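The values are calculated or read from the model by the stated rules, or taken from the named source; none is laboratory data. Here the structure is a predicted model, which means the values were calculated and not measured. No Cβ is skipped: glycine too gets one built from the backbone with ideal geometry, and neighbour counts run over all protein chains shown. Just the protein is used for accessible areas: all its heavy atoms, side chains included, with ligands, DNA and RNA removed. Shrake-Rupley method; radii C 1.70, N 1.55, O 1.52, S 1.80 Å.
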Amino acid sequence: MIEQFSAAFGTRIGRQLLSYLLLANFLIAMLSYGWILIDDYQRGTQRLQNNLVKLEASYENSLAISLWNFDAEQLRTQLEGMLNFDGVEYIAIDSADFGYIETGLKPGEIDIRHQFEVYYEEKGNQTFLATLTILGSYEQLRQQLETRAFNMLLVQLCQTIAISLILLLLIHHLITRHIRSLSDWARTFSIQTPDHPVALQHRSRVAPEKRDELDALAFAIEQMRQSLLSDMQLRDQARIELEDTHNHLNMAIENTTMGFCRYLVREDRMETNRNFCYQLRTDQEALNRIDNPLHAILERLNSDTGVEQRERVYQLLQGRIKRVQGKFSLLKFNGQEGVFDISFQAIRFHNNRPEEVLICSVDHTAEYYARKQLQELNLRMETALRQQQDEFQHLGLVQSSDLDRLRRECDHLRHQMANRQRPSLLSLVTPSLETAAKAAEPTLAAPLNVTIHAFNVLTGPAKQSVDLVQFIQRYLTRAKSTAALTTPLSLIIDVKLALIEFLLEHLLIKPSRKSDATPALALALHNQTLSMTVALRAGTQPPPHAPWPLLLQGICEEIVDMEINGHILWTDDSSCFTATIKLNLEDL
């Protein structure tokens, strides 16, 4: 039994469990006993208060009789008898006949103070005799509660210690010793000697239905051991198969064009196949003679991205990344430039640093130069084809320009021929129209006068070079027109002045005088196209119809087409009427 206690106390979990049980039991006992003692204290004080009420009811009449009969001995006996009540320690009576009488000792701490007056009643009349004062304390009650609390705590402490010891023994017997057995087994277990089975003390013959969680834990650990043994056997078998596969792979690599190399970081040495050395135009012995052969190969990178690629390989050697793959351009050991697809793969580590790096390479130098020659050939063909296309386009533009020039010259000759035949015909018609206009009514005379004016323009003087902007400004000034002008600083063209005067008079001057419309004129030159826009903005009273009759519009379109090979655009939005004359300066 002593050995079991010693083993139970020898475990850290046993000591912690005992400490926690004692502390928890002490706290619970203190709370429960504190509540009980507080309740008893409240009950005791209430009982003492009730005793005072009973005392007053019991002694009031007898005290009144003693005072009324002047019986001092009886009065003192009654006062001493009142001291026998619980909690009463001092009584004093103050009367007019006997003076101040007191009995008992005043308490040091007064917890009870009760006072009442004594009256003698006779035939319905009450006579005041004295005042009685009672003093008391709860000291006796507190002593009783302290004694009771000490006894309760002593009993509870013994009970707690006994129960804790019994629980400690039970936990050691059922749990702790088995956990220690499992820890001893785990401490002696190793991968090299995994044959020692797991077993709990005195639990091998327990029926399956009576096994507990510790038995389940031991069974699970035993299953893990069995699984580990099986995995070790599979690992050994896989290692043997891996070695065979490695040998076969080396044979396959030797028979392909792929370069293969194992770089041992600690030894700073390369193990390569024949293809790897042939691709670099070197051999294994030459690589072994080079200090830091991998650094020597990386220093031969000569592409624009060589510095970045070299830095990534160094990061792989530091363990920051595990794989680097890409197209590398480097100078072979015979001085020839080569292009390779190379992959660097860290395959073995020590303290997160690579110990072995696998390097695989494929030489694409021949394909690279063949592709480069093909690209140069394609570039020369595209350049030649583009030059031919540019020459054809230039030839087409020249021919198109010549065709346009010939077409304009043809139109110009046709107009010149028409202009040479037109004056003789119009000179015959004009006198008849003038005679008819003089004899016609005003409504018919106006269109006839416009037609006569147009004939005069067609048969008038030939074109002459003039500054169109200055001519329009002088003409509007003579006509006293308020039209708003928007024109360039100067514009010199070859044109009939009579044509410009006709258009200004009939499209701008006369319509603006017949209405309150606001006139405006704008000249704009874009490339070789000249636009002259005449605008009439309606005033407060919009006109019921356009300011330019259809006959006038037709005459203006004809003479513009015949004289300057242009056309007129008419617009009408009820508030602004515009006529835009457009012509090509090359046609003049």
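Tabulated data
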| read-out | value |
| --- | --- |
| Subset of segment 75-104 [touching a residue at least 40 places away in the same chain (Cβ under 8 Å) and among the charged types (D, E, K, R)] | 86, 89 |
| Unique residue being closer than 15 Å to residue 134 by Cβ, at pLDDT below 75 and touching a Phe, Trp or Tyr at 6+ places or on another chain (Cβ under 7 Å) when the list is 94, 111, 86 | 111 |
| Residues of segment 56-87 classified as surrounded by 17 or more Cβ atoms within 10 Å (Cβ to Cβ) and part of a helix (DSSP H, G or I), total | 10 |
| Selected residue (only one of 45, 131 is in contact with a Phe, Trp or Tyr (Cβ under 8 Å, 6 or more places away or on another chain), open to solvent by less than 50 Å² (accessible area, probe 1.4 Å) and assigned to a helix (DSSP H, G or I)) | 45 |
| Residue match in segment 120-143 (condition: closer than 19 Å to residue 47 by Cα, at pLDDT 75 or above and aromatic (Phe, Trp, Tyr)) | no |
| Residue within segment 292-305 that is outside any loop (DSSP other than H, G, I, E, B), in contact with a His (Cβ under 9 Å, 6 or more places away or on another chain) and not aromatic (Phe, Trp, Tyr) present | no |
| Filtered residues of segment 338-366 (kept if charged (D, E, K, R), without any contact (Cβ under 8 Å) to a residue 24 or more places away in the chain and either in a helix (DSSP H, G or I) or touching a Gly at 6+ places or on another chain (Cβ under 9 Å) (or both)) | 341 |
| Meets criteria (touching a residue at least 24 places away in the same chain (Cβ under 8 Å) and over 26 Å from residue 44 (Cβ atoms)) for residue 163 | yes |
| Qualifying residue in segment 139-158 (condition: in contact with a helix residue (DSSP H, G or I) (Cβ under 9 Å, 6 or more places away or on another chain) and closer than 30 Å to residue 65 by Cα) | no |
| Residue count for segment 1-21, restricted to those that are over 54 Å from the mean Cα position of the chain (by Cα), in a helix (DSSP H, G or I) and either exposed (fewer than 11 other Cβ atoms within 10 Å of the Cβ) or at pLDDT 75 or above (or both) | 3 |
| Single match in 489, 476, 433 (criterion: of a type outside the set (Lys, Arg), open to solvent by less than 40 Å² (accessible area, probe 1.4 Å), outside any strand (DSSP E or B) and modelled with pLDDT of 85 or more) | 476 |
| Candidates 359, 321, 347, 297 - the one that is in contact with a Ser or Thr (Cβ under 8 Å, 6 or more places away or on another chain) and either among the aromatic types (Phe, Trp, Tyr) or within 23 Å of residue 264 (Cβ to Cβ) (or both) | 359 |
| When residues of segment 443-461 are limited to those that are of a type in the set (Ser, Thr, Tyr) and closer than 15 Å to residue 498 by Cβ, the one most open to solvent (accessible area, probe 1.4 Å) | 459 |
| Complete set of residues in segment 333-386 that are open to solvent by 90 Å² or more (accessible area, probe 1.4 Å) and within 46 Å of the chain's Cα centre (by Cα) | 348, 351, 352, 353, 371, 375 |
| Qualifying residue in segment 110-127 (condition: more than 26 Å from residue 144 (Cα to Cα), touching a residue at least 24 places away in the same chain (Cβ under 8 Å), in contact with a helix residue (DSSP H, G or I) (Cβ under 6 Å, 6 or more places away or on another chain) and not in a strand (DSSP E or B)) | no |
| Selected residue [of a type in the set (S, T, N, Q), open to solvent by less than 30 Å² (accessible area, probe 1.4 Å) and either closer than 29 Å to residue 106 by Cα or modelled with pLDDT of 75 or more (or both)] from 176, 160 | 160 |
| Residue count for segment 455-473, restricted to those that are in a helix (DSSP H, G or I) and farther than 11 Å from residue 563 by Cα | 8 |
| Selection count, segment 318-332, where residues are crowded, with 18+ Cβ neighbours inside 10 Å and under 21 Å from residue 356 (Cβ atoms) | 2 |
| Options 497, 489, 583; residue that is touching a Ser or Thr at 6+ places or on another chain (Cβ under 9 Å), under 22 Å from residue 464 (Cα atoms) and aliphatic (A, V, I, L, M) | 583 |
